[in-house]
Amino acid sequence: MKKQLHFSLLIACASLSLNAQIYYQNQATTLGVGDYSGTIFLGSGISFCDYNDDGWDDITIGTQSGDPIKMYKNNGDGTFSLDTSLGINNTRQQKQVIWVDFDNDGDKDLYVSSNADGSRLYRNDTGTLVDVTATSGLPTVAQDNSGASWGDYNNDGNLDVFLCNREISSPQSNYLYRNNGDGTFTNVSVAAGIDPGSHFSFCAAFFDYNNDGWQDIYMANDKTNTTNILYKNNGDGTFTDVSEQSGTNLAIDAMSVTIGDFDSDTWFDIYVTNGIQGNYFLRNNGDGTFTNIALSTGTIFGGVAWGAVFLDADNDSELDLYVSGSLDGSVPGIPSAAFYKNNGDGTFSSPTTTGFQGDTRESYSNAIGDTDNDGFPEIIVSNSANDDIFLWKNQTVTTNNWLKVDLEGTISNKQGVGALIELSSGGTSQYRYTICGEGYIAQNSSTEFFGIGTNTTIDYVKVTWLGGAQDIVYNVTPNQRLHITEGSNPLAVDEFESVAEIQLYPNPSQGDIWLKSTYNYDYKYFIFDSKGVQVQEGIINSKKAIQISHLASGYYMVKILGEKTVFNKKIMLK
């Protein structure tokens with residue numbers, strides 16, 4: 001009898017692991033964030049980011065005119081308390097609220113977009129938020145500023161910002177502001193090739209669609225006469241509109257830009273929400289083009305969709321998808337919200353047992369974080385019409401394992417925005433790309449989530465920082481938060497990806513770059529800085545190093561003329 005009972009328990013445990021029961025329950029009130037953001041037209045933004053860097057994800061909510069921004073500090077036990085200690089007094093109507101370390105001093109500052117009374121940038125001075133908008137050079141006048149996405153388009157280690165403006169009655173342009181590294185910003189839109197016309201843009205995202213190490217920009221534009229735009233980063237401070245040839249020039253009521261590699265092929269895909277006509281799921285084909293797979297994957301939705309987020313709800317190593325909508329679901333066939341389970345075969349399903357009871361409010365922005373640091377992502381949702389927000393607590397029952405990764409840049413930006421993280425476990429790899437400002441006016445946790453299913457070991461975690469330097473950590477224990485600092489675990493010489501003829505090492509370097517070659521040749525080399533300017537040239541061979549200690553710290557491109565090919569390698573100088 002005991003043997004039979006023991007065998008039954010083993011079968012039950014195996015069943016839980018292989019057939020995880022995804023389940024979400026709204027616990028906003030229970031956990032201390034049962035509050036509302038007002039009646040903002042087209043909703044307010046939401047952030048699920050650890051703003052005080054204590055290792056626990058906090059929640060920040062934009063609010064209507066007359067109400068202050070609501071910041072909920074995680075108490076360190078998965079519950080939250082309203083935090084008024086940061087000294088901010090912003091009662092303007094707010095859209096996106098996004099925490100970003102724009103000055104690379106190790107603490108997160110706050111950017112607040114507004115479509116009513118002017119956006120604001122607050123610098124974090126040892127726990128007090130100081131309004132530095134006027135001195136920063138960012139716009140202070142009232143604009144219909146909806147979204148703000150932060151990235152480093154010129155690879156200089158400073159986070160720049162792309163501002164989206166959506167105003168129909170008085171059309172407004174979008175703007176790219178370069179971070180000068182001294183607390184100020186310069187409007188470089190015209191010089192960078194950003195179209196000066198009005199595009200009714202809700203939001204945008206920096207990401208690297210062609211995997212060339214330079215951050216591109218994709219814009220979600222409202223109304224069918226203003227197609228979405230994909231700007232390809234040329235690597236010289238300028239962009240080229242490649243929307244038409246890439247197949248991303250959608251003429252729809254586009255609301256969101258959600259980025260993720262749902263099929264783990266190293267090419268990042270885009271999910272774009274839309275009205276009742278249906279959402280678009282743009283699969284990255286890896287050749288500069290995208291294909292809409294919303295219908296074939298079963299993720300077309302068919303309601304009035306707004307926020308969308310990729311997440312691995314049950315940590316089975318497959319990215320699922322959650323979509324918020326502004327209708328109440330009372331009309332058959334027109335959903336209010338949806339959870340799509342990734343089946344691992346290029347399709348998604350819509351299980352009816354995932355919870356989400358009462359998910360019928362007028363919902364807009366959503367984001368993921370981890371309230372209790374158990375490795376299973378929660379979802380926060382902002383609702384309008386004076387309805388309380390949703391905090392969908394992940395109650396999934398499974399024995400699947402996981403890893404959370406957070407980054408600290410040293411040469412690249414402090415937050416590690418724009419880095420590519422690869423995790424290999426059980427012979428397969430997954431990829432995450434770090435973004436600051438995504439979805440529909442949202443911000444996800446700055447910690448990246450990986451599920452590894454029933455695997456109990458992680459072969460390695462590799463980070464390719466913006467600019468090309470790489471760190472790798474082997475034999476990682478699962479079910480923990482892994483902190484990786486740029487330059488702390490550099491790849492060894494025999495681990496670099498290269499052509500068979502040539503390798504360069506060490507990378508990062510503290511002053512000398514050596515060559516390893518299968519041939520005893522003298523090679524001509526050229527070195528270019530992050531702006532594409534040539535700073536050095538000469539001859540290198542296996543007995544003569546390139547001396548670069550006289551150059552400023554940062555990223556450089558080394559071009560070597562080989563016997564039959566041109567070898568390019570990004571290097572980091574500490």
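The values are calculated or read from the model by the stated rules, or taken from the named source; none is laboratory data. Please read all numbers here as calculations on a predicted model, not as lab measurements. So basically every Cβ, Gly included, is an ideal-geometry build from the backbone, and we count neighbours across all protein chains shown. For the accessible areas, the whole protein counts, side chains as well, though only heavy atoms, and no ligand, DNA or RNA atoms are used. Shrake-Rupley method; radii C 1.70, N 1.55, O 1.52, S 1.80 Å.
Observations, loosely collected:
- Failed criterion for GLN245 (all others in (1) under 24 Å from ASN342 (Cβ atoms); (2) open to solvent by 10 Å² or more (accessible area, probe 1.4 Å); (3) not in a loop (DSSP other than H, G, I, E, B) hold): (1)
- Selection over the range 218-233 of residues that are at pLDDT 95 or above and part of a loop (DSSP other than H, G, I, E, B) gives a count of 2.
- Residue check for ASP529: at pLDDT 85 or above and either in contact with a helix residue (DSSP H, G or I) (Cβ under 8 Å, 6 or more places away or on another chain) or under 30 Å from PHE239 (Cβ atoms) (or both): no
- Failed criterion for ALA305 (all others in (1) in contact with a Lys or Arg (Cβ under 9 Å, 6 or more places away or on another chain); (2) among the aliphatic types (A, V, I, L, M); (3) open to solvent by less than 10 Å² (accessible area, probe 1.4 Å) hold): (1)
- Within the range 69-88, tally of residues that are outside any loop (DSSP other than H, G, I, E, B) and either surrounded by 20 or more Cβ atoms within 10 Å (Cβ to Cβ) or charged (D, E, K, R) (or both): 6
- The range 171-186, residues that are touching a strand residue (DSSP E or B) at 6+ places or on another chain (Cβ under 9 Å), farther than 20 Å from ALA205 by Cα and either open to solvent by 50 Å² or more (accessible area, probe 1.4 Å) or free of Cβ contacts under 8 Å to residues at least 40 places away in the same chain (or both): PRO171, ASN180
Residue-by-condition table, conditions (1) open to solvent by less than 20 Å² (accessible area, probe 1.4 Å); (2) more than 19 Å from ASP372 (Cα to Cα):
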residue: ASP387; (1), (2): no, yes
residue: LEU403; (1), (2): yes, no
residue: GLU408; (1), (2): no, yes
residue: GLU448; (1), (2): no, no
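- Test: SER350 is touching a residue at least 12 places away in the same chain (Cβ under 8 Å) and open to solvent by less than 20 Å² (accessible area, probe 1.4 Å): no
- Where THR79 falls short, out of the listed (1) at pLDDT 95 or above; (2) closer than 30 Å to ALA552 by Cβ: (2)
- Screening VAL161, VAL130 for residues that are modelled with pLDDT of 95 or more and either in a loop (DSSP other than H, G, I, E, B) or open to solvent by 30 Å² or more (accessible area, probe 1.4 Å) (or both) leaves exactly one candidate, VAL130.
- Strands (runs of 3 or more DSSP E) fully within the range 318-405 counting 2 or more residues that are small (Gly, Ala, Ser) and at pLDDT 95 or above: 320-325, 337-342, 363-369
- Top-ranked residue of the range 410-434 - restricted to ones that are closer than 15 Å to PHE206 by Cβ and either out of contact with any strand residue (DSSP E or B) (no Cβ under 8 Å at 6 or more places or on another chain) or not in a strand (DSSP E or B) (or both), ranked as most open to solvent (accessible area, probe 1.4 Å): GLN415
- Note on the range 450-467: residues that are crowded, with 21+ Cβ neighbours inside 10 Å and more than 15 Å from THR434 (Cβ to Cβ) total 4.
- Check on SER201, polar (S, T, N, Q) and at pLDDT below 95: yes
- Restricting the range 38-68 to residues that are at pLDDT below 95 and either acidic (Asp, Glu) or under 24 Å from the mean Cα position of the chain (by Cα) (or both) leaves a set whose member that is most open to solvent (accessible area, probe 1.4 Å) is ASP67.
- Residues of the range 253-263 that are part of a loop (DSSP other than H, G, I, E, B) and either in contact with an Asp or Glu (Cβ under 8 Å, 6 or more places away or on another chain) or open to solvent by 10 Å² or more (accessible area, probe 1.4 Å) (or both): ASP253, ALA254, MET255, ASP261, PHE262, ASP263.
- Hey, THR464 touching a Gly at 6+ places or on another chain (Cβ under 9 Å), among the polar types (S, T, N, Q) and within 30 Å of ASN145 (Cα to Cα) or not: no
- Failed item in (1) within 30 Å of SER412 (Cβ to Cβ); (2) open to solvent by less than 50 Å² (accessible area, probe 1.4 Å); (3) in a loop (DSSP other than H, G, I, E, B), with ILE98 passing the rest: (3)
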